[in-house]
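Beneath this line is the structure, given in structure tokens, with notes to follow.
The values are calculated or read from the model by the stated rules, or taken from the named source; none is laboratory data. Because the structure is a prediction, the values reported are computed rather than measured. Here the Cβ positions follow ideal geometry from the backbone for every residue, glycine too, while neighbour counts run over all protein chains shown. Note: accessible area is taken over every heavy atom of the protein model, side chains too, but ligands, DNA and RNA are not part of it. Shrake-Rupley method; radii C 1.70, N 1.55, O 1.52, S 1.80 Å.
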Amino acid sequence: QVQLVESGGGLVQAGGSLRLSCAASGRTFSSYTMGWFRQAPGKEREFVATFHWSSSNTYYADSVKGRFTISRDNAKNTVYLQMNSLKPEDTAVYYCAADQDIFVHTTARAYDYWGQGTQVTVSS
């Protein structure tokens, strides 16, 4: 059973930084695509960033490109999202997701496994 546990959310002022972590367990993730999504109140869940464990390529939503960085620690089976230059519009619950597939995905419905989410609030 795949388990994803996010941490690292919090309250930060605009322009600040946070690093989210997603600890993954229950599988060997070398064949998995991992993604970060976010959902603000009253809005649909939206793609933030993704990569495949077998590749060094990373992909980002235009809204976060140049500010956010997705990375991984293979030994710890942990995925990170470094968020810099945060804006009030980045406020949302951030979710880690996993899907066993050879392709990366930018749509939420493509992912089978989800964490519980961590709240990020950016004040102006």
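For Lys87, go through the lysines and keep the ones whose alpha-carbon is under 29 Å away, minus same-chain ones fewer than eight residues off.
Counting by Cα, and skipping residues close in sequence, Lys87 has these lysines nearby: Lys43, Lys65.
Report the equivalent ellipsoid semi-axes for the stretch 7-124 in whole Å, largest first, defined as the square roots of five times the eigenvalues of the gyration tensor built from alpha carbon atoms.
Computed over the stretch 7-124, the values are 23, 14, 13 Å.
Which residue, chosen from Asn57, Gly15, Ala98, occupies the Cα position most advanced towards the positive end of the dipole of the chain, where the dipole is computed from +1 (Lys, Arg) and -1 (Asp, Glu) charges on Cβ about the Cα centre?
Gly15
Filter the GluC sites (Glu not before Pro) in the stretch 1-106 to those in DSSP coil with at most 10 other Cβ atoms within 10 Å of their Cβ, and list the result.
Glu44
In the stretch 1-76, which trypsin sites (Lys or Arg not before Pro) fall in coil by DSSP and have 16 or fewer other Cβ atoms within 10 Å?
Arg27, Lys43, Lys65, Arg67, Lys76
Excluding ligands, DNA and RNA, what is the solvent-accessible area per residue of the stretch 1-106 at a probe of 1.4 Å, expressed in Å²?
In whole numbers, the stretch 1-106 has 50 Å² accessible per residue.
Under unit Cβ charges (Lys, Arg +1; Asp, Glu -1), what dipole magnitude, rounded to 20 debye, does the stretch 30-124 have relative to its Cα centre?
180 debye
Evaluate the relative contact order of the chain (contact order divided by residue number), counting alpha-carbon pairs under 8 angstrom at least 6 apart; express in whole percent.
This gives 36 percent for the chain.
Tell me, what is the percent relative contact order of the stretch 60-120, built from C-alpha pairs under 8 Å that lie six or more residues apart?
28 percent.
Among Ser55, Ser17, Ser30, which one shows the biggest mean-square fluctuation in a GNM of the chain, springs joining Cα atoms closer than 10 Å?
Ser55
Which of Thr69, Thr28, Thr78 ends up with the largest GNM mean-square fluctuation for the chain, with Cα atoms connected below 10 Å?
Answer for the Gaussian network model of the chain: Thr28.
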